[in-house]
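Report on the following structure.
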Amino acid sequence: MVQTTQIGQFTAVDPVVERMRRIRSAWHPADGVAVFNRVYLTVTEEIGRAIDSGTFADRRAAATLDIRFAERYLAVVDTVAADGPAPACWRPLFHYRRHPGVRPLQFALAGINAHIGHDLALAVVDTCRTLDCAPRDLEDEFDRVGDILVLLEERIREELMPGPDLLEVADPLTHLLGCWSLDRARDGAWLSARSLWELGELPDLAEEFTERLDRSVGLVGRMLLTPLSVRG
């Protein structure tokens, strides 16, 4: 664990929370990216409360990881707003964000897939560079943040499931839900973060690893956004 005790001006989570609140106000609720933003905002607020309440032994490390994580998503929003290309992992969500055949649950899962499958690993490395530590020093904070991220999936299921009853086994959405796992995505993110850190002395290999990670997560996102129906 990184031995830091105070949260400085660069680790308070309020600025990223405010950015996501502005996005929520600006975008139509049915927009696919807005669906993800709404759920992610709730979880980020929850992480902020957990940091303030002392849930994390190292508050500064937890806050820095949370900020670096959120900044990855917000940077993509800014890039797309400026007509720049989204990373491959985010491209499907931004491309299909207004597709009438994609359900809100799919939008949310595609955003989580991109953010955890790709951004979280890079955020761990960003945090290590900020705090001058190694990934192993952040493992406790990573695990605790990951536990809170489970709330994201739970909230999605509560708010965005198409009905109060369990989906029929034959429903295509049931199949998609079974093809993606938050726990596996978290495990993959941790392995990717450690791998990228070890490749720090080999920048060419690190860049290739990051590009391949970006593309592979993007392929999963395209699958999750398979149009299932046209809403009337």
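For THR42, are the conditions met, namely being under 21 Å from ILE112 (Cβ atoms) and in contact (Cβ under 8 Å) with a residue 60 or more places away in the chain? Considered against the rule, which asks whether it is under 21 Å from ILE112 (Cβ atoms) and in contact (Cβ under 8 Å) with a residue 60 or more places away in the chain, THR42 comes out as yes. Looking only at residues of the range 73-105 that are of a type in the set (Ser, Thr, Tyr) and within 29 Å of LEU131 (Cα to Cα), we find that the one that is surrounded by the most Cβ atoms within 10 Å (Cβ to Cβ) is TYR73. Scanning the range 176-196 for residues that are crowded, with 18+ Cβ neighbours inside 10 Å and either within 21 Å of VAL145 (Cβ to Cβ) or among the polar types (S, T, N, Q) (or both) returns TRP180, LEU182, ALA185, ARG186, GLY188, ALA189, TRP190, SER192, ALA193, LEU196. Considering the range 197-218, the residues that are within 16 Å of the chain's Cα centre (by Cα) and of a type in the set (A, V, I, L, M) include one that is surrounded by the fewest Cβ atoms within 10 Å (Cβ to Cβ), namely LEU213. In the range 44-78, the qualifying residues are those that are among the aliphatic types (A, V, I, L, M) and modelled with pLDDT under 90, and the one that is nearest to VAL17 (Cα to Cα) is ILE47.
Give the residue, chosen from ALA70, ALA121, ALA108, that is without any contact (Cβ under 8 Å) to a residue 60 or more places away in the chain, within 14 Å of the chain's Cα centre (by Cα), on the phi < 0 side of the Ramachandran plot and buried (at least 19 other Cβ atoms within 10 Å of the Cβ).
Exactly one residue qualifies, and that residue is ALA70.
Selection of the range 73-101 for residues being over 18 Å from the mean Cα position of the chain (by Cα) and free of Cβ contacts under 8 Å to residues at least 40 places away in the same chain yields ALA81, ALA82, ASP83, GLY84, PRO85. Using the structure shown, decide if VAL125 is closer than 21 Å to GLY54 by Cα, of a type in the set (A, V, I, L, M, F, W, C) and part of a helix (DSSP H, G or I). No: the conditions fail for VAL125.
Taking the range 13-61 as the range and being touching a Gly at 6+ places or on another chain (Cβ under 6 Å) and either outside any helix (DSSP H, G or I) or surrounded by fewer than 20 Cβ atoms within 10 Å (Cβ to Cβ) (or both) as the test, only VAL13 passes. When you check GLY101 against the structure, is it at positive phi and not in a helix (DSSP H, G or I), yes or no? When the stated conditions are applied, GLY101 does not pass them.
Scanning the range 132-159 for residues that are in a helix (DSSP H, G or I) and at pLDDT 90 or above gives PRO135, ARG136, ASP137, LEU138, GLU139, ASP140, GLU141, PHE142, ASP143.
The values are calculated or read from the model by the stated rules, or taken from the named source; none is laboratory data. Note that this is a predicted model, so its numbers are computed, not measured. Cβ coordinates were reconstructed from backbone atoms using ideal geometry, including for glycine residues, and neighbour counts include every protein chain displayed.
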